[in-house]
Amino acid sequence: MSRPKALLMDATQMNRALSRIAHEIIERNKGTEQVALVGIRRRGIPLAQRLAARLKAFEGREVPVGSLDITLYRDDLSELASLPVVHKSEVNFKLPGRVVVLVDDVIYTGRTARAALDALLDIGRPAAIQLAVLVDRGHRELPIRPDYVGKNVPTSRRERVEVHVTEIDGEDFVALYDNE
Amino acid sequence: MPGLKRKDILGLREMTVEEIDLILNTAEALKDLATRPVKKVPTLRGKAIVTLFYENSTRTAKSFELAAKYLGADVIHVSAATSSVQKGETLKDTARNLEAMGVDAVVVRHSMGGAPHLLARSLRASVINAGDGIHEHPTQGLLDMLTIRQKKGGFKGLKVAIVGDSYHSRVARSNIYGLTKYGAEVWLAGPSTLLAQGFEEYGVRTTTRVEEALEGADVVNVLRLQLERQEKGLFPTVAEYHRFWGVTAERLRLAKPDVLLMHPGPMNRGVEIATAVADGPQSVITEQVTNGVAVRMALLYLLLGGGEAA
């Protein structure tokens, strides 16, 4: 693993950003009655769970959490040298009438979000879909804009943003790396 | 890294445990697709698959067809009985012509063992063996393994009784190759004239007494008596076959209470399997069919999903 060239967020900043996003979700949707969270594999899932815990703490209501594997909906499968492993998507609640907040760690080209939209709409028809990301690093290739952003980070295409979460990586931080 | 490092799926004999794990895990992830309101995903959009069948089949052919369609591929079916094979065209020529039309994968069933291997060598397209003579039926072996793994959590130390005409059975052979790689204890039971030979090196035990194989079994896989492949004199009559080797409720009581009762279909009810058993609480025959679609989706994804380098 190469050394980061800049630390973008530490654990405290990540926590604050998630708390702010949780408040924004509540404010925008006038509570959490209709809200459900769906994390995009892999690091969107623990982030969705953390947001759900905050929504519960702030509003006193359990919010359903699901997970989405977008592999089958990727538009670059035929260009990948190694085939991604397919995992299950688990959305164990009814979508009609729900406002689903898709949660991912980083938004870049927007292609993952596009695939997630298609994957979710094949499972059902929610009342609305919103998008929350911890980091927006720019360089969109599709007309997609997140509704909730933890931090905007101007990057070059030669750089790479990595979000580390304790649930998967053992610690919480966001850092910028140079692509070799 | 993931993806299968092979172009074709010809049999379980040459596959590694890692490859089988990858296929079963992928099938597990894809299984729920078939129960969704929208069953189609765009993963293999633009790919073309042909099922080329020189023997009759409903289950396997339709299972492949649905698997391909759920993944968004186009699929056509060619049956030897209604094609240019009737005009004397060879297997190789038929397959080459299909490849010339742009198919990415050929799923082939043939009465001759090794026919898929011949095609695999002469085509750039992927070849999947859907049953070749009495040799192998890898997708059936894999779906049987997926069903066992779901119910039992694994294979190691399980007593698996394969009952009936194992001699003519490609299903039995694929099961033996797959299950013994994981340390299952495989038994073959049936009339001595219909027992597959030569599997001692895989640790397979054989017996002519069904009761011995069923005693304490975790899994009972009942084979179809392949009436179309029988020469004269291998067993006296169908009724006598049932009396000595049929899996009945009474015999099944020798197995563990939570035994899995499997059958690759189509069943000859009242011959190799009693109706009460086939429809009984231990039967997972319907789950096998469901898992068949999942396993075939997994194989098509793993073979056709990636780019040139995969």
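The values are calculated or read from the model by the stated rules, or taken from the named source; none is laboratory data. All values reported here derive from a predicted model rather than from experimental measurement. As a convention, Cβ positions derive from the backbone with ideal geometry for all residues, glycine included, and neighbour counts pool all protein chains shown. Just the protein is used for accessible areas: all its heavy atoms, side chains included, with ligands, DNA and RNA removed. Shrake-Rupley method; radii C 1.70, N 1.55, O 1.52, S 1.80 Å.
Give the distance, in whole Å, between the Cα centre of the range B:83-108 and the Cα centre of the range B:246-264.
Using only Cα atoms to place each centre, the spacing works out to 42 Å.
Read phi for every residue in the range B:245-259 and hand back ³J(HN,Hα) as whole Hz from Karplus 6.51 cos²θ - 1.76 cosθ + 1.60, θ = phi - 60°, with x for Gly and Pro.
Ordered by residue, 3J(HN,Hα) equals 10, x, 8, 10, 4, 5, 5, 5, 5, 6, 7, 4, x, 9, 4 Hz.
Net charge within 11 Å of A:ILE40 by Cβ-Cβ distance, Lys/Arg positive one each and Asp/Glu negative one each, not counting A:ILE40 itself?
Counting the neighbours of A:ILE40, the net charge comes to 0.
What net charge do the residues around B:PRO191 carry, taking every other residue with its C-beta under 11 Å from that of B:PRO191, with Lys and Arg at +1 and Asp and Glu at -1?
-1
Once neighbouring chains are kept in place and the probe is 1.4 Å, which whole percent of the accessible area of the range A:26-180 is contributed by carbon and sulfur?
45
Hand me the trypsin sites (Lys or Arg not before Pro) from the range A:128-161 located in a DSSP loop with no more than 16 other Cβ atoms within 10 Å, in residue order please.
A:ARG140, A:ARG157, A:ARG158
Counting just the Cα atoms, what span does the range B:169-231 cover along each of its three principal axes? Round to the nearest Å and put the largest first.
Largest first, the range B:169-231 extends 34, 23, 18 Å along its Cα principal axes.
Order the following by accessible area, largest value first: A:LEU7, B:LEU254, A:LEU55. Probe radius 1.4 Å; ligands, DNA and RNA are ignored.
Reading off the accessible areas and sorting them downward yields A:LEU7, B:LEU254, A:LEU55.
Just to confirm the filter: which GluC sites (Glu not before Pro) across the range A:12-90 are DSSP coil and have at most 13 other Cβ within 10 angstrom of their Cβ?
Listed in order of number, the matching sites are A:GLU33, A:GLU62.
Roll a 1.4 angstrom probe over the protein heavy atoms and tell me the percent of accessible area of the range B:132-273 that is carbon or sulfur.
51
Using modelled backbone amide H atoms (1.01 Å from N, in-plane), which distant-in-sequence or interchain residues come within less than 5 Å of A:VAL101's amide H?
Amide H to amide H, under 5 Å and 5 or more residues apart or across chains, A:VAL101 pairs with A:ALA36, A:LEU37, A:VAL38, A:GLN130.
Could you pull out every one of the lysines with an alpha carbon less than 21 Å from that of B:LYS7, ignoring same-chain neighbours closer than 8 positions?
Once the sequence-local lysines are set aside, what remains near B:LYS7 is B:LYS47, B:LYS69, B:LYS92.
Normalised by the residues of the range B:10-146, what does the relative contact order come to in percent, with Cα pairs under 8 Å and at least six apart?
Dividing the mean separation by the residue count of the range B:10-146 yields 26 percent.
Tell me, how many Å apart are the Cα centres for the range A:100-121 and for the range A:1-54?
With the range A:100-121 and the range A:1-54 each reduced to a Cα centre, they are spaced 14 Å.
Compute the accessible area of each residue in the range A:83-106 twice, once for its chain alone and once with every protein chain present, using a 1.4 Å probe on heavy atoms, and list those whose area falls by at least 20 Å².
Flagged in the range A:83-106: A:LEU83, A:VAL85, A:VAL86, A:LYS88.
For B:VAL107, list long-range residues whose amide hydrogen, built 1.01 Å from N in the peptide plane, is under 5 Å from its own amide hydrogen.
It is B:VAL50, B:THR51, B:LEU52, B:ILE128, by chain and number.
What are the ³J(HN,Hα) couplings of the range A:125-139, residue after residue, when phi is run through the Karplus curve with 6.51, -1.76, 1.60 and θ = phi - 60°? Round to Hz, x for glycine and proline.
10, x, 5, 7, 10, 10, 10, 10, 9, 6, 9, 10, 9, x, 6
Quick one: which residues, 5+ away or cross-chain, put their amide H under 5 Å from the amide H of B:ALA184? H built at 1.01 Å from N.
B:GLY157
Step through the residues of the range A:155-160 one at a time and calculate ³J(HN,Hα) from phi using the Karplus curve (6.51 cos²θ - 1.76 cosθ + 1.60, θ = phi - 60°), rounding each to whole Hz and writing x for Gly and Pro.
Here the 3J(HN,Hα) series is 9, 9, 5, 7, 9, 9 Hz.
Quick one: compute the contact order of chain B, relative version, from alpha carbon pairs under 8 angstrom and 6+ residues apart, as a percent.
21
If you take the accessible area of A alone plus B alone and subtract the pair, what total do you get in square angstrom, rounded to 100, with a 1.4 Å probe?
That pair hides around 1700 Å² of surface in total.
Restricting to DSSP loop positions (anything but H, G, I, E, B) with no more than 12 other Cβ atoms inside 10 Å of their own Cβ, which trypsin sites (Lys or Arg not before Pro) remain in the range B:1-73?
B:LYS5
Around B:ILE285, what is the net charge, scoring Lys/Arg as +1 and Asp/Glu as -1 over all other residues with Cβ under 15 Å from its Cβ?
After counting each charged neighbour, the total is 0.
Express the relative contact order of the range B:116-167 as a whole percentage, based on alpha carbon pairs under 8 Å and six or more residues apart in sequence.
19
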